[in-house]
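Report on the structure given below.
The values are calculated or read from the model by the stated rules, or taken from the named source; none is laboratory data. Small disclaimer: the values here were computed from a predicted structure and weren't measured. Cβ atoms come from the backbone with ideal geometry, glycine included; neighbour counts cover every protein chain shown.
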Amino acid sequence: MDAPKDDWLTREQIDSVIESMSAGDLVKALSEHGDGNAQMPVAAFDAAAARTGVSNGTAASDHVRASDLRYLGERIGEAVNVDSPLSKGQED
């Protein structure tokens, strides 16, 4: 699932990276970029992609088409579930 330098990530690959995001990816990105900074979720995405071998040494976000930026942001928001008191799977 490597992303060659000139190739774009598909939405399926974007979803796969987001699904593999760890709390560590998010915490590190939050500490480096702060809450509310647009760079934070992208940094977490890049970290998850690097950890799972999707990126090829460049930031995975560099392989996301500009037209998919909104999709990326919405999917990260859904995965992180910031507005909900409990994450998916933690309900009673």
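A few notes on this one:
- Every residue from the stretch 11-31 that is farther than 14 Å from residue 50 by Cα and modelled with pLDDT of 95 or more: 11, 12, 15
So that you can scan it fast, the table gives a plain yes or no per residue for (1) at pLDDT below 90; (2) small (Gly, Ala, Ser); (3) crowded, with 16+ Cβ neighbours inside 10 Å; (4) under 15 Å from residue 10 (Cα atoms):
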{"site": "52", "(1), (2), (3), (4)": "no, no, yes, no"}
{"site": "57", "(1), (2), (3), (4)": "yes, yes, no, no"}
{"site": "64", "(1), (2), (3), (4)": "no, no, yes, yes"}
{"site": "71", "(1), (2), (3), (4)": "no, no, no, yes"}
{"site": "77", "(1), (2), (3), (4)": "yes, yes, no, no"}
{"site": "81", "(1), (2), (3), (4)": "yes, no, no, no"}
{"site": "88", "(1), (2), (3), (4)": "yes, no, no, no"}
{"site": "91", "(1), (2), (3), (4)": "yes, no, no, no"}
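- Among the conditions (1) assigned to a loop (DSSP other than H, G, I, E, B); (2) of a type outside the set (Lys, Arg); (3) within 17 Å of residue 77 (Cβ to Cβ), residue 48 misses just one, which is (1).
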